[in-house]
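Taking it in order: structure first as structure tokens, then the write-up.
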Amino acid sequence: MAPASAVNIGSLSASNFATVYNLFSLVIASMVFTALFLLLSQGRVAPRYRNALVVSATVCGIAAYHYFRIFDNFKESYPPGTSVSAAHVLSSVEFNEAYRYVDWLLTVPLLLVETVAVMALKRAESRGLLMKLVPASALMIALGYPGEIATTNSTRIIYGVLSLIPFFYLIYVLFVELSKSLVRQPVEVQPAIKRLRVSLVVLWSVYPIAYAFPLFGGDFFGGEGGFVLRQGGYSIADILAKAAYGLGIYAIARTKSRLEDPAFDEEIEPSASKTVDLANAA
Ligand SMILES: *C/C=C(C)/C=C/C=C(C)/C=C/C1=C(C)CCCC1(C)C
């Protein structure tokens with residue numbers, strides 16, 4: 001019998017179930033505590049960079065919420081079965097991939113907002129970039145969804161290809177248009193911003209690859225292997241593209257605060273001599 005859809009695989013072995021279960025759990029821990037860290041670190045960056053940190057924390061918070069839902073849904077969809085080969089069998093509760101896509105619809109545009117925010121460009125410049133980046137990113141996710149839940153490979157391919165068009169447009173805007181603003185950033189942070197941009201494109205490329213796994217077909221990619229690789233791939237990519245990326249934004253905001261506002265920096269991180277003085281005074 002053909003699976004109901006590429007998403008709802010009929011059964012999972014104990015180890016495959018545990019792999020997905022543990023990864024979802026890891027995502028929740030990463031998102032919750034990165035969000036907390038970013039919120040609590042507001043005072044360590046100059047006021048103009050606080051918005052970038054708040055947006056990064058919001059992204060992690062939205063993802064944490066959705067992973068709570070995904071985690072519960074996964075447990076309900078794959079309760080324990082009766083045999084060793086099918087330790088967990090699909091129940092009547094569908095494993096709902098919509099949580100992931102709703103999450104991306106919110107978090108992907110916000111990741112671009114935090115990227116532009118940490119550059120602290122002129123208002124018109126930020127606005128111009130975001131007017132291109134935000135709609136294109138939302139379109140990319142919206143076009144991917146019908147393909148993700150499709151039961152046939154041809155539908156998966158058509159929507160995948162359509163979604164790649166805004167994806168390549170985003171890369172164009174980030175590497176061509178954003179570069180014009182990049183040259184006006186302090187030279188000390190330019191390499192860090194360039195690395196952030198490259199990591200964004202590399203990490204975001206994991207998603208279309210994970211999306212394509214079921215297309216490879218065969219017993220492995222068409223079955224449990226493909227399901228675990230896709231859920232695992234999306235989960236690890238989410239940790240890197242949201243939590244680790246948010247920490248990268250924080251690092252850039254810290255460096256820029258230090259360079260642009262030495263007095264502020266001295267207040268939150270006194271130089272070595274001051275620390276010695278304090279020690280002597282005690
Ligand atoms: C935190 C979540 C992130 C950064 C999600 C990013 C998702 C993508 C870049 C998805 C892209 C897709 C394509 C380019 C084609 C196939 C369909 C998608 C939606 C998986």
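Counting only helices (runs of 4 or more DSSP H) that sit wholly inside the stretch 176-276, those with at least 2 residues that are open to solvent by 20 Å² or more (accessible area, probe 1.4 Å) and acidic (Asp, Glu) are 262-268. Applying a threshold of 6 Å to beta carbon distances and a minimum spacing of six or more residues, or different chains, the list of pairs starting in the stretch 258-270 at a residue that is within 16 Å of VAL189 (Cα to Cα) and ending at one that is exposed (fewer than 14 other Cβ atoms within 10 Å of the Cβ) reads LEU259/PRO186; LEU259/GLU188. Within the stretch 64-112, the only residue that satisfies the criterion of being among the acidic types (Asp, Glu), open to solvent by less than 70 Å² (accessible area, probe 1.4 Å) and under 24 Å from SER13 (Cβ atoms) is GLU97. Regarding ASN51, is this residue within 17 Å of THR107 (Cα to Cα), part of a helix (DSSP H, G or I) and more than 16 Å from the ligand (Cβ to nearest atom)? When the stated conditions are applied, ASN51 passes them.
Conditions (1) within 23 Å of VAL201 (Cβ to Cβ); (2) more than 12 Å from the ligand (Cβ to nearest atom), marked per residue:
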residue	(1), (2)
PHE71	no, yes
PRO80	no, yes
VAL93	no, yes
VAL113	yes, yes
GLU125	yes, yes
ALA150	no, no
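The values are calculated or read from the model by the stated rules, or taken from the named source; none is laboratory data. Source: prediction; values computed, not measured. Glycine also receives a Cβ, built like all others from the backbone with ideal geometry; neighbour counts cover every protein chain displayed. With ligands, DNA and RNA removed, areas are computed over all heavy atoms of the protein, side chains included. Shrake-Rupley method; radii C 1.70, N 1.55, O 1.52, S 1.80 Å.
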